[in-house]
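Inspection log for the structure reproduced underneath, given as structure tokens.
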Amino acid sequence: MATNRVLGPLTKGLPGFGTIVHRGRKSGKTYRTPVNVFRAGDGFVVALTYGPQADWVRNVLAAGGCGIETRGRVVETTRPRLVHDEKRTSMPAGVRQVLSVIGVTDFLFLDRVS
């Protein structure tokens, strides 16, 4: 996807961005997907800008977790769960407004592996 090639290198330094490191369900190939990611308690929440049926989301759900590269390191996660939230309560206020404009109402929550 073109956005991956453009955003990929930028996600390492931009606040609110990160890279999901996941393995394909069928291919077994490792993929890197840039996302909007924020801290949520002891874990993370990812805004599903391409919806909950995106291949990378399905890969993470099937695997039971993924790596999230943020701030120069990869954090392993577990217990992925989809949450539909029309009020976008898990997002920072400014981000909430942008996501509202583009119609994002689905999120992926992940716990940090202890």
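The values are calculated or read from the model by the stated rules, or taken from the named source; none is laboratory data. Predicted model only: the values in this text are computed from it and were never measured. All Cβ positions, glycine included, derive from the backbone under ideal geometry; neighbour counts span all protein chains shown. We work out accessible area using only protein heavy atoms, side chains counted, and drop any ligands, DNA or RNA first. Shrake-Rupley method; radii C 1.70, N 1.55, O 1.52, S 1.80 Å.
Which residues, counting only those in the stretch 38-53, are of a type outside the set (S, T, N, Q), more than 13 Å from G18 (Cβ to Cβ) and surrounded by fewer than 17 Cβ atoms within 10 Å (Cβ to Cβ)? Even if it seems obvious, please write down each step before you answer.
Start the filter on the stretch 38-53 by keeping residues that are of a type outside the set (S, T, N, Q), which leaves 38-48, 50-52.
This time we only want the ones that are more than 13 Å from G18 (Cβ to Cβ), so: 41-42, 48, 50-52.
G41, D42, Y50, G51, P52, listed by residue number.
Filter the stretch 95-104 for residues that are buried (at least 16 other Cβ atoms within 10 Å of the Cβ) and closer than 13 Å to Y50 by Cβ and give the result.
L99, V104
Do any residues in the stretch 84-98 that are in contact (Cβ under 8 Å) with a residue 24 or more places away in the chain and of a type in the set (A, V, I, L, M, F, W, C) have Cβ atoms under 7 Å from those of residues that are in a helix (DSSP H, G or I) and open to solvent by less than 60 Å² (accessible area, probe 1.4 Å), where the two are at least six apart or on different chains, and which pairs are they?
Once the first residue is in contact (Cβ under 8 Å) with a residue 24 or more places away in the chain and of a type in the set (A, V, I, L, M, F, W, C) and sits in the stretch 84-98, its partners that are in a helix (DSSP H, G or I) and open to solvent by less than 60 Å² (accessible area, probe 1.4 Å) give M91/L99.
Would you pick out the residues in the stretch 57-90 that are open to solvent by less than 30 Å² (accessible area, probe 1.4 Å) and either assigned to a helix (DSSP H, G or I) or of a type in the set (F, W, Y) (or both)?
Listed by number, the residues that qualify are V57, N59, V60.
Would you check which residues across the stretch 51-65 are at negative phi and in contact with a strand residue (DSSP E or B) (Cβ under 7 Å, 6 or more places away or on another chain) and list them? Don't jump to the end; show me each part of the working.
Within the stretch 51-65, the first condition is being at negative phi, and the residues that meet it are 52-63.
Correct list: P52, W56, V57, N59, V60, L61, A63.
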